[in-house]
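The next block holds one structure in the form of structure tokens; read it before the comments.
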Amino acid sequence: MLQDALKISVLASGSTGNALYIESEKERLLIDAGLSGKKIKSLMEKIGRAPEDLDGVLITHEHRDHTKGVGVLARKYHLPVYANRATWENMQSIVGKIPLDQCFDFEMGKTKTFGDLDVESFGVSHDAAAAQFYRINHHDHSFVVMTDTGYCSDKTKGIIQGADGYLIESNHDLGMLRMGKYPWSLKQRILGDRGHLSNEDSAIVMSEVMDRHTKKIFLGHLSQENNLKELARMTMTDTLNALDIHVGEDVFIYDTDPNEATPLVEI
Ligand SMILES: [Zn+2]
Ligand SMILES: [Zn+2]
């Protein structure tokens with residue numbers, strides 16, 4: 001039903017900056033604002049939206065690629081900002097001063113209502129103070145965003161089960177990372193339990209959490225050094241096809257880009 005629509009655009013995704021736009025009839029939110037305020041404004045314009053329309057910004061964790069533009073946007077457009085307490089403490093130096101009446105706690109494991117959206121936060125395994133991602137529920141539609149995680153626990157798999165759409169991390173190709181020019185310590189960090197999901201991990205997680213409701217999968221946070229869109233897409237496609245889930249029929253895969261917004265897609 002059209003009036004029940006939940007729409008999303010991945011404005012940008014990758015280690016240079018992340019922002020996800022999500023809207024319903026009553027609510028317009030950003031999840032993360034990891035690019036300059038100016039860049040986020042121009043990305044929103046590409047999908048016919050403006051920062052003035054936003055009702056708030058939800059933060060996942062303090063890393064710069066998720067928080068760079070938060071302060072500017074909050075001050076310029078008087079936006080409320082939501083993050084858990086540990087993230088607030090650790091992002092202070094990046095976001096600068098945000099008026100106190102615009103700062104809100106959104107603790108891990110809690111669900112908050114924003115207009116006609118119920119947003120559930122859940123913790124992930126990442127090298128930040130207390131990284132959390134979100135499941136957005138709107139009537140009988142739901143969308144999950146989960147990037148920046150070294151692995152996906154059974155508890156998390158339970159929380160993200162059976163959504164209509166996903167933005168899931170597909171950070172690196174294992175072969176490219178192993179052979180690539182990153183120093184050993186950085187490779188270890190990325191491969192570790194608190195690093196990032198590989199294409200292979202991502203495909204396995206998706207195959208475990210998706211069900212017949214799941215129609216749209218956005219592959220996010222691709223490394224520009226250790227991955228290719230084609231490779232990420234191929235790994236996901238091959239894994240799902242092998243399980244008799246037909247990509248292009250049962251489910252559709254979308255690329256994301258560090259510099260270009262995806263179209264506004266109905267979930
Ligand atoms: Zn990140
Ligand atoms: Zn991160």
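The values are calculated or read from the model by the stated rules, or taken from the named source; none is laboratory data. Worth saying up front: this structure is predicted, and the values here are computed from it rather than measured. Because the Cβ atoms are built from the backbone with ideal geometry, glycine has one as well, and the counts that use them run over all protein chains shown.
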Item to check | Qualifying helices (runs of 4 or more DSSP H) (wholly inside segment 35-106; at least 1 residues being out of contact with any Ser or Thr (no Cβ under 8 Å at 6 or more places or on another chain) and within 16 Å of ligand 2 (Cβ to nearest atom)) | outcome: 64-67, 70-77, 85-95
Checklist entry - All but one of (1) within 30 Å of N241 (Cβ to Cβ); (2) surrounded by 17 or more Cβ atoms within 10 Å (Cβ to Cβ) hold for S153; which doesn't? => result (2)
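So in segment 140-155, with the set limited to residues that are in a loop (DSSP other than H, G, I, E, B) and touching an Asp or Glu at 6+ places or on another chain (Cβ under 7 Å), which one is farthest from ligand 2 (Cβ to nearest atom)?
The residue in question is Y151.
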Checklist outcome for this item: Flagged in segment 60-77 as free of Cβ contacts under 8 Å to residues at least 40 places away in the same chain, out of contact with any Gly (no Cβ under 7 Å at 6 or more places or on another chain) and not charged (D, E, K, R), in numbering order, are V70, A74, Y77
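So that you can scan it fast, the table gives a plain yes or no per residue for (1) more than 20 Å from I136 (Cα to Cα); (2) in contact with a Pro (Cβ under 6 Å, 6 or more places away or on another chain); (3) touching a residue at least 40 places away in the same chain (Cβ under 8 Å); (4) surrounded by fewer than 18 Cβ atoms within 10 Å (Cβ to Cβ):
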site: G17; (1), (2), (3), (4): yes, no, yes, no
site: L20; (1), (2), (3), (4): no, no, yes, no
site: K26; (1), (2), (3), (4): no, no, yes, yes
site: A33; (1), (2), (3), (4): no, no, yes, no
site: K39; (1), (2), (3), (4): yes, no, no, no
site: L43; (1), (2), (3), (4): yes, no, yes, no
Checklist outcome for this item: Quick count over segment 11-34, residues being more than 16 Å from ligand 2 (Cβ to nearest atom) and out of contact with any helix residue (DSSP H, G or I) (no Cβ under 7 Å at 6 or more places or on another chain), is 7
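Which residue out of D211, D238 is outside any loop (DSSP other than H, G, I, E, B) and surrounded by fewer than 18 Cβ atoms within 10 Å (Cβ to Cβ)?
Among D211, D238, only D238 is outside any loop (DSSP other than H, G, I, E, B) and surrounded by fewer than 18 Cβ atoms within 10 Å (Cβ to Cβ).
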Item to check | First in segment 98-111 and without any contact (Cβ under 8 Å) to a residue 40 or more places away in the chain, second anywhere and surrounded by fewer than 15 Cβ atoms within 10 Å (Cβ to Cβ) and basic (K, R), Cβ under 9 Å, 6 or more apart | outcome: D105/R85; E107/R85
Checklist entry - Out of (1) in contact with a Gly (Cβ under 9 Å, 6 or more places away or on another chain); (2) at pLDDT below 95; (3) surrounded by 19 or more Cβ atoms within 10 Å (Cβ to Cβ), the odd one out for K187 is which? => result (3)
Next on the checklist: Of the conditions (1) in contact with a helix residue (DSSP H, G or I) (Cβ under 8 Å, 6 or more places away or on another chain); (2) in a loop (DSSP other than H, G, I, E, B), E249 satisfies every one except a single condition; which number is it?
Outcome noted: (1)
Next on the checklist: I'm trying to understand the selection: among the residues of segment 83-102, which are surrounded by 15 or more Cβ atoms within 10 Å (Cβ to Cβ) and either away from ligand 1 (no atom under 16 Å from the Cβ) or over 29 Å from S198 (Cβ atoms) (or both)?
Outcome noted: N84, A86, W88, V95, I98, Q102
